[in-house]
Amino acid sequence: MDWRGRRQSSNIEDRRGQPLRAGGGGLLLLLLRILPWLLRTRAGRVVLAVGVVGFFGARMLGIDLLQLTGPTPSQTASLSAEEQQLAEFVSVVLADTEQTWQRVFTEYGERYEEPVLVLFSQRVASACGSASAAVGPFYCPADRKVYLDLSFFQDLERQLGAPGDFAQAYVVAHEVGHHIQTLLGISQEVRATSRGKSAAVVNALSVRQELQADCLAGVWGHAAHNYSQLLEPGDLEEALQAAAAIGDDRLQKRSGGEVVPDSFTHGTSAQRVAWFKRGFESGDMGQCDTFSAQL
Ligand SMILES: [Zn+2]
């Protein structure tokens, strides 16, 4: 991909090299939890009064105490040049998805709300719970953030046999696809329909949702190629290879188990490739109705 020197997104939250922290939200939760004690005892009320005065006093001096729990520049300084470059690459891809989806949403008379992409290493806390890097990249609808441990790109290349920057871009675009589904209310509908259903029905719905995210990734790929001229020869093949590599049948075979179609939640390699291609060739979100299509 011809990505260097392009605009980077301002929606990257870099939490690499940081210990798992509660952040401002966690601080508030802690406060809520000890609030009964604070109000019940005399000592508690004194602590509360000092805290409130201190907090707003600091505010008046221009210091936001909640911000102080956020990332500090020194923590990211220890990253290697390669890690920094990978983060820049992801930032450029995210910026291009913003541009694409802003345009598409405007065409549909809607407003696009940009997602935040959190870079982390090893473990991360999200509004959907804490997760280890082992789960792979994911999107959390509750905080509308994409979570990405860049070591997944290494796995993609070394263990899954899908190298290349466009393969990595496809992974980012797929997660952004889940964000689109959330903005359009599709994810919420899937959750509501899944409630109380058998595992087979829930998995079948999940497959359709995942294939739609692949198709939406393809719609972005179309724009990246035709509008942004980001693609170079061989790039499309990289994405197709990645889509095939992370199909459920392939992943289950790799893990040594028998392929059990009922437990598929992402679609087979062939399905993932087909839906990505459909989005890529048409560039039309309207082509991504995986819910009424015959799979
Ligand atoms: Zn997905």
Exercise for review: Please go through the stretch 80-98 and pick out each residue that is in contact with a Phe, Trp or Tyr (Cβ under 8 Å, 6 or more places away or on another chain) and either surrounded by fewer than 22 Cβ atoms within 10 Å (Cβ to Cβ) or over 13 Å from Pro115 (Cβ atoms) (or both).
Suggested key: Leu86, Phe89, Val92, Asp96, Glu98
Review point. With (1) in contact with a strand residue (DSSP E or B) (Cβ under 9 Å, 6 or more places away or on another chain); (2) hydrophobic (A, V, I, L, M, F, W, C); (3) modelled with pLDDT under 95 as the list, and Leu117 as the residue in question, which single condition is left unmet?
Key: (3)
Review point. Hey, any hits in the stretch 106-123 for a residue that's farther than 26 Å from Gly256 by Cβ, of a type in the set (Val, Ile, Thr), surrounded by 24 or more Cβ atoms within 10 Å (Cβ to Cβ) and assigned by TED's automatic domain parsing to the domain that holds Arg254?
Key: no
Exercise for review: Would you mind telling me which numbered condition in (1) part of a helix (DSSP H, G or I); (2) at pLDDT 65 or above Gly25 fails?
Suggested key: (2)
Point to revise | Gln241, sole failed condition from (1) in a loop (DSSP other than H, G, I, E, B); (2) more than 16 Å from the ligand (Cβ to nearest atom); (3) buried (at least 20 other Cβ atoms within 10 Å of the Cβ); (4) among the polar types (S, T, N, Q) | key: (1)
Review point. How many residues does the stretch 103-132 hold that are closer than 24 Å to Leu156 by Cβ and either within 12 Å of the chain's Cα centre (by Cα) or within 16 Å of the ligand (Cβ to nearest atom) (or both)?
Key: 9
Review point. In the stretch 192-221, what residues are more than 14 Å from the ligand (Cβ to nearest atom), part of a helix (DSSP H, G or I) and either surrounded by fewer than 20 Cβ atoms within 10 Å (Cβ to Cβ) or outside the structural domain of Lys145 (by TED's automatic domain parsing) (or both)?
Key: Ala192, Thr193, Ser194, Ala199, Ala200, Val201, Val202, Ala204
Check your understanding: Just a yes or no: is a residue in the stretch 224-235 in the same structural domain as Lys277 (by TED's automatic domain parsing), within 15 Å of the ligand (Cβ to nearest atom) and assigned to a helix (DSSP H, G or I)?
Key -> no
Study note, to complete from the structure: Given (1) more than 25 Å from Val219 (Cα to Cα); (2) hydrophobic (A, V, I, L, M, F, W, C); (3) free of Cβ contacts under 8 Å to residues at least 60 places away in the same chain, Ala199 misses just (3)
Exercise for review: Mind counting the residues in the stretch 89-101 that are within 19 Å of Pro141 (Cα to Cα) and not hydroxyl-bearing (Ser, Thr, Tyr)?
Suggested key: 3
Practice item. Being within 15 Å of the ligand (Cβ to nearest atom), modelled with pLDDT under 95, touching a Gly at 6+ places or on another chain (Cβ under 9 Å) and closer than 21 Å to Leu86 by Cβ narrows it down to one of Phe138, Phe152, so name that one. Key: Phe152
Exercise for review: Return the only residue of Val146, Val176 being within 16 Å of the ligand (Cβ to nearest atom), of a type in the set (A, V, I, L, M) and in contact with a Ser or Thr (Cβ under 6 Å, 6 or more places away or on another chain).
Suggested key: Val176
**Study point:** Any chance Gly279 is within 28 Å of Gln188 (Cα to Cα), touching a residue at least 24 places away in the same chain (Cβ under 8 Å) and buried (at least 22 other Cβ atoms within 10 Å of the Cβ)
**Key:** yes
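The values are calculated or read from the model by the stated rules, or taken from the named source; none is laboratory data. This structure is a prediction, so every number in the text was calculated from the model and none was measured. Cβ: placed from backbone, ideal geometry, glycine included. Neighbour counts: every protein chain shown.
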